[in-house]
Structure formats: structure tokens, C-alpha cells
Amino acid sequence: MSVGKEMRLDTSVQKLKGVGPKAAEALAKKEIFTVGDLLRFYPAEYDFFTEPETAAEAQAGTFCTLRLTVVGSGSTFRRGARVISHFEGSDGTAKVRLTFFNMPYVRQTLTAGAAFVFRGILRQTGNGSRYMEQPRFYPLPQYERLMGTLQPRYRQIRGIGESRMRTLLKTALEETQGLNDDLPQNMQEKYDLIGQREAVRTIHFPPDRASLQSARRRLIFDEFFSFIIGIRRQKSEEGERRNPRPMKASMNSGWCGRLLQSLPFSLTQEQARAWQEIKGDLTGPVLMNRLVQGDVGSGKTILAFLALVLCAENGRQGALMAPTEVLARQHMEGFTRYMQNAGLPVRAVLLTGALKRQERKEALQAIADGSAHVVIGTHALFQDAVEFHDLGLVITDEQHRFGVRQRAGLADKGEDVPVLVMSATPIPRTLAIILYGELQVSSLRELPPGRQPIKSLAMQDTRRGSAYRFILSEIKKGRQCYVICPAVEEGEMQEIENVSDYTEKLSAALPSSLRIASMTGRMRPEEKTAVMDAFSAGSTDILVSTTVIEVGINVPNATVILIENAERFGLSQLHQLRGRVGRGQEQSYCIFLYRGREKPERLAILEENSNGFSIAEQDLRTRGPGDLFGVRQSGLPQFTLADLYEDADVLKEAAACAEEILRENPGYRCAEERVVDYSTI
């Protein structure tokens, strides 16, 4: 493609100058296939290059910028698989030890008497000496050019450095058409929005913080607007659908009654009410389209199992779709155990992408011939090869992880199939009305009897040693622990803990007798399953993981979760992570470690409150623009930039704008709806 020839947003990224087959393959691993995907690969964070401060006045435990002169020649040695290099720097006010891992070549640059600007977390030992680990450093002339600017940092793509990424983005912006606004000019003016092309350029190359905020606001508005337009159109097209095949249910007898009688617990009042609502939908004249939202551990799963049993008793098949292999297997084991205890002739099969060829063949056959009454699996359920004998119910667990098209793709495998969706992320009623306008909503606000509230504590990461000692005390009681890191490996994002290094550091800091394992979303499904099976069986004491464990993992013996860099997560995600403990009868604990002098307000909220619905009603907008530089909050619709809580005001404006436009033009469609995939709910 010649320079200057404009490309469309849906043009293959390989048509872009500088993208060969290897680069295209690397980009594809981040789901970047088109030029539009590349432009929407927004920075994960930004570096603000401030004026250096003195080493003596810099605050330990915070990210600092120091101008230091190298003292002496430094030392390099090997410890296990690591090569460690130590240097000493000084600015005349204090000395700082500089440590680098697996970077022996820095000795050629950090020579005695050379001056650089070093940037990283400044730490302090018990005797008052100061040090930085793996700081970034810049020659003085280079830093002078950068000072006062905002520089984007992207999530790591192997083989494509940040400099090359910026070059690709500049080329894409210059050569791409299709970023012209389809939002009417009067609406842009009414809601004080900058142009879309300007917003996309600015978010990648911001001249200052104010411009960056304006760009983010416009792109967040677009995400909400496109989402709402899609949802409203879907609702208008579908309308209220009649239920052509109502199920039959006896009052107290039947399979559901036998299951309830066999349970080692009784349903709470809210569970019983929600079950009556679900049963009323399945047996009523209107096709079920219901959301069950309940706090972590509130008992949504048993409601899903009851619905599946009712469906099986009526001679039809039910499908339960989970977002992860681990959660699907967990549901399969739980459902099978309940059926055995109740003596019910309900056969369930598991269908995931990790099944061996023969296992998959047998599962597909059982689904097709109807011998499988219940099918539990992942997204593999809605693939073309899956043919149901008589699909009568679709349930999606952690429904925000699947899009409308995915859920519809599964429901379309039958005729007029009732749909039940579940979410463990409670949201305020005002937002629910906007987002879930097409769904009936059942809410579970109470925990089952015997569950103790999780005790939560937020502390500076300088007190990590105290947290480790507490973890050891719990492990000595026979308990287990999770440790959560935001990143998978070093370099993925700046100055945050990563699973790879943290597992090594934890092993070095704790007794060698402890059994420590790690897990990330990059592992193959069978690897993750093996790690979780070992942890569930009690063969692992501490599991170091990314947020891949946030969805539905149930290990009652795990009583402590330690969350590193808690300031980098959104409130909802922190609450979800905390819910991985407190699943049994023992008292459980959540420790939030944060960097910086001041405790973030969201952590104070979590220390005082364990109820998800109450948390959801808090005024989370007080978090302010600091979250701009944090790890994106997960849960709820998977927007790229938008956060339903923090950006609630923008959501309401986008909803009002969408409603106004649809009143004037009911057939309105966004020109480029992939700005956000509205199907993510």
C-alpha cells in the first residue's frame, strides 16, 4: 500500500506499513486484526515526566524521579537463574542503591561518574538505607526533552516495542478514514464533546492532562452511546416474546422437590423468592429473559441447578455456560454431586475446548441424541458442531463475560429458548435500568446462614512483612491463601507486581517447606485446571495468580487473599476478588496492599463494608482521574475505557442522547459500532 492511500477501519492490520507476517501474528495474540483494532488498543497507562526531586526528600514507598550520579563500578553476581547487578547512586543529599535483574549489560552504561535520571519505586530498609529495583533510567539530555510531557505505555506485545507501537499508530492515524463523526454536531455541542478523530489521536499522543481527559470522555461517551443504541434496537426488534412451550412444575413433589429436600441447607428467603420467579417464568406465558444478580457467595448456583432439573424433568435439555474452563468443571462436579445425593436420573456432560478428541466426540453425540439432559461448558457450547436434541433452557454464569451475540448464538440452537443470566457484580438500580432494560431482575441481597463476613484490612506495601507473618499463621492452622498480582510478568506494565517475579520473591521470603504455585490467564486450560485442582485438593498452600481467579472459584479452605497494588484495581473488581475467600465456615481475611502515603478511598470503603449492593450504591466518582492510570476494572460490560461506576454521569448523558436520537430516527445505527461491541452484555 502506498503512503497516503487511506485505509478503512476494517482493513487488515497487515496492510499497514511496517507490519509483516511476524508482527501481524504478534498483534493477533492481543486480538488486533484490523487497523480499527490497532487504534482501539489504548494505552494501559501514561508516564508523566516530572522534574527530578532530591533523594533525601523523596517519599519512600512512592514512585520517584531522581537525578543521580553513579558512584563506583557496581557489582554483578548470579543467584539461581537470576543475574543481579548492584550500583550506587548519589545526588549529594542521599545515596540510593540501584538493583537490576537479568540486565548485566547495564554495567557498560552505568559507569562511575555518569549521571542519569532514574525513575521507579523508592524503598527503604529498616536501617534507613534507600534503594530502587529495576528503575528505568535516561541520559540527562533525553530526559530534558521528555520533561513535562505525557508518554503512553501499552500492554506488552512480544516482538513489538513501545517505540514501534507508537510509529504504527501514527501511520494508522495518518492513513485511515472512517473516523469521521456520525454523532450529530448539535449533540457534540450539547454534551461538550470533542471530535472523534481528535479524541483517538489525543488518547495515543496527549499534549497535556486536560486534553487527555477530554479525549477519554469523548471515547467513553461513544462506547456507552453505541452500546445503548444496540441494546435499544435489539429490544425493539425482539419485543415481548411468547412462551410456546411452558414447562410443568408440581408444587412440592417432583425432581426439584427431591433436590431441595436432599440439600444440606435451606434456601434463604431471597433464594426462595428468586426460585419462584424463575419457575414462574419457565411455566408462564412469556418467554423467560431474567437476570439473577447477587453478591459473591449469595447462592445463585443452586438456583441455576434447580432450573436445569426442572427443564430435564420436562424432557428437554438445559445448557449452563461458564466463562472459564475451571468454573465449568467446578459446576460440573457440583451438579453431579447434587444429582447423586438426590438420587435423580439427570445426566450431565461437560463440553469445553480442552476436551480430548474422543471425549468431545462422545459429548457431542450425547447432546445430539438427547441422552445428555444437561450440558455444562464454556463458549464451546455455541460452536457450529454442537447440535442439541431439544434445547429448552440457556443459563450463562457471570453473564458480563459473554456478549448478546454469544448468548443468542447458544439460544438459537433451539426454538424460543428461555434465557437466565447470572452476575455476581451488583450494580445500582439507576444503572440497571439503563443497562438491563430488556431483562427481568432478581436480586439476592443476603448470604446463606453460617457465612461469616470477611475481615478486610488495607495497609501500605511497606508492611508486607506483617501480612506474610499473618499468612503463615493461617497456613499453620491448615488453611490456604491466594496472592493476587496485576501483571503476568515483568515489563507488562510499569512498577506493578507481576506473578512471575512475585512467585520467586515469595518463595525466597517464606519457609522452603511451603508449597507455592502460580497461575495466569496465559496458561493453557489444562494447565490452569491442574493448578486449581491441586489447590482445591489442598496440595498447594499459596496460589499466586492474576485476576483470572476472580470468577467463581470456590475453595472453602482458602481463608486469606492478599491483593498487591490494590490501588490499581476498581472497586467492583476488588470486591469480586475478595469473594474468593469466605466460602466456608472459618473466618476469612482480605489484605489490600497499596503504594503511596494516602489510603485510597475505595479501600476504606471495602474495609468498612462487605455487602456488594451497598458498595455499588457508594458514590464511586470520588475516585477521580487517578484511575486513569490504573488497571482497568473488570466485571459488568467489557468496555475498553468506560467504567460504569466512575463514568456514571457520562453513561446517563449517552443514554439521554441515544434516546433523543432514536425518537427522531428509530432506525438510527452507528456507522462504526465496533467502537464498542454493544454485545458485551
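Read-outs throughout are calculated quantities, based only on the coordinates presented, and are distinct from any laboratory measurement. What you are looking at is a predicted structure, and each value in this text was computed from that prediction instead of being measured. In this analysis, Cβ positions are derived from the backbone assuming ideal geometry, glycine residues included, and neighbour counts consider all displayed protein chains.
Counting only residues at least eight positions apart within a chain, or on another chain, the lysines with an alpha carbon under 28 Å from that of Lys15 are Lys5, Lys29, Lys30, Lys170.
Modelled spin labels at Asp182 and Asp10, positioned 7 Å past Cα toward Cβ, are 1.1 nm from each other. Approximating the spin labels as points 7 Å out from Cα along Cα→Cβ, the Ser513-to-Ala112 distance works out to 4.8 nm. Hey, with R₀ at 51 Å, roughly what FRET efficiency would Met147 and Arg663 work out to, going by the Cβ-Cβ distance, to 0.05? Plugging the Cβ-Cβ distance into 1/(1 + (r/R0)^6) gives 0.50.
Using 1/(1 + (r/R0)^6) with R0 = 35 angstrom and r between the beta carbons of Thr336 and Ser473, what's the FRET efficiency to the nearest 0.05?
About 0.45, to the nearest 0.05.
Annotation: peptides 155-164, 531-540, ranked by per-residue average of other Cβ atoms within 10 Å with the highest first, follow the order 531-540, 155-164. Going by neighbour counts of Cβ atoms within 10 Å, the residues Ile454, Ile475, Ile484 line up, fewest first, as Ile475, Ile454, Ile484. Note on segment 455-609: Lys pairs 8 or more places apart or on different chains, Cα atoms under 24 Å apart, count 6. Averaging over all projection directions, the Cα-based convex hull of segment 455-609 occupies 8.6 nm² in the image plane.
Can you give the net charge of the other residues whose Cβ lies under 11 Å from the Cβ of Glu660, counting K and R as +1 and D and E as -1?
-1
For Lys190, the lysines whose Cα falls under 28 Å of its own Cα, not counting residues fewer than eight places away in the same chain, are Lys235, Lys652. Taking other residues whose beta carbon is less than 15 angstrom from the beta carbon of Glu51, and scoring Lys, Arg as +1 and Asp, Glu as -1, yields -2. What's the local net charge at Glu313, with K and R +1, D and E -1, over the other residues with C-beta under 12 Å away? So the environment of Glu313 carries a net charge of +4. Beta-bridge orientation, the chain: approximately 40 percent antiparallel, per DSSP, counting only bridges with both partners inside. Sorting Leu457, Leu308 by the number of Cβ atoms found within 10 Å of their own Cβ, with the fewest placed first, yields Leu457, Leu308. If the segment from Thr93 to Glu362 were pulled out straight at 0.36 nm per residue, it would be longer than the present Cα-Cα gap by 89.6 nm.
In segment 88-127, whose amide N lies under 18 Å from the spot 7 Å out along Cα-to-Cβ of Arg463? List them in ranges. Residues 124-126 fall inside that zone. Taking a ≥ b ≥ c as the square roots of the eigenvalues of the Cα gyration tensor, segment 52-143 is oblate, since a/c reaches 1.5 or more and a/b is not larger than b/c. Using the Cβ-Cβ distance between Ala56 and Ser371 with R0 set to 60 Å, the FRET efficiency from 1/(1 + (r/R0)^6) comes to roughly 0.20.
The amide H of Asn102, built 1.01 Å from its N in the peptide plane, has Val83, Ile84, Ser85 as neighbours under 5 Å, considering only residues 5 or more places off or on other chains.
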